[in-house]
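Readers should treat all values here as calculations from the given coordinates under stated rules, not as data from a laboratory. Owing to the predicted nature of the structure, the values given are computational and were not obtained by experimental measurement. Reconstructed Cβ throughout: ideal geometry from the backbone, glycine too, with neighbour counts over all protein chains shown.
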C-alpha cells in the first residue's frame, strides 16, 4: 500500500511540474543599449530631456502630447508611414538626467511588443563625455505559446534593439555635429 501511495505521489509531482512548464507563457525580455557622446551631460540631456520631443528619433515625423514633463504626461509619436505609438511618462528625474515611460498603445505590426516600458539616462563618461543609455523591458507581441516568427521573443528583442541603436546613433551624430 505504501509503495502505491509513494508512486502516486511521484506521478502527481511530475504532472505538477510538467503542467507548470506547459502553462508557461512568454518571459519578459530586456534590452539595454548605450552610446558615448562627445559632449557634456547637460548638452545630451538638453537634447533628450523633453518628453514631448522625439524629433531626434529616426522614423518619427511628429510628436504631439499633453502635460509636458509631468508624471502622467502623454505623447503620440506619428511615424513616417502614418502609424502611431502612444506613450505615457511615469517617472521624470531631471536631477538624475533620467526619465521612464511606457507604451500605452501600439500595433504589434509596428513594434512587436506588449507591456513595454523604457528608461533613458544620461551619465558621465571619461574625458568629459556623456554616456546615454536606453533600457527597456517588454513582452513579445504574441502573448500565448507558439508565437508566429514575426511576434516571438527574438523578433521583439531585435526590433527594440534596432530602434535603440538607430536612435542613439542619430542623437550622437546630431549632438556631435552641432545640428
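Suppose the chain between residue 96 and residue 158 were pulled fully straight at 0.36 nm per residue; how much longer would it get relative to their current alpha carbon spacing?
19.5 nm is the gain from fully extending residue 96 to residue 158.
Given labels modelled 7 Å from the Cα in the Cβ direction, how far is it in nm from residue 169 to residue 105?
Placing both labels 7 Å along Cα→Cβ, they lie 3.2 nm apart.
Calculated from the structure, Rg and Dmax of the Cα atoms in Å equals which of [x] 17.2, 53; [y] 24.9, 96; [z] 21.4, 83?
So the calculated entry is the one marked [z].
In deg cm²/dmol, rounded to 500, what helix-only [θ] at 222 nm does the chain give when every DSSP H run of at least 4 residues adds -39500 (n - 2.57) and the total is split over its residues?
That comes out to -10500 deg cm²/dmol.
Grab the beta carbon distance between residue 74 and residue 179, set R0 = 30 Å, and tell me the FRET efficiency rounded to 0.05.
0.60
Of 108, 122, 160, which is the most mobile in a GNM of the chain whose springs link Cα atoms less than 10 angstrom apart?
For the chain, modelled as a Gaussian network with Cα springs under 10 Å, the answer is 108.
Neighbour counts of other C-beta atoms within 10 Å: give me 99, 90, 116, 139 arranged from fewest to most.
90, 139, 116, 99
How do the peptides 37-44, 62-69 rank, highest first, by the average count of neighbouring beta carbon atoms within 10 Å per residue?
In decreasing order of mean packing, 37-44, 62-69 become 37-44, 62-69.
Could you state the angle between the C-alpha long axis of helix 153-177 and the longest principal axis of the C-alpha atoms of the chain, as a value from 0 to 90 degrees rounded to the nearest 10?
10
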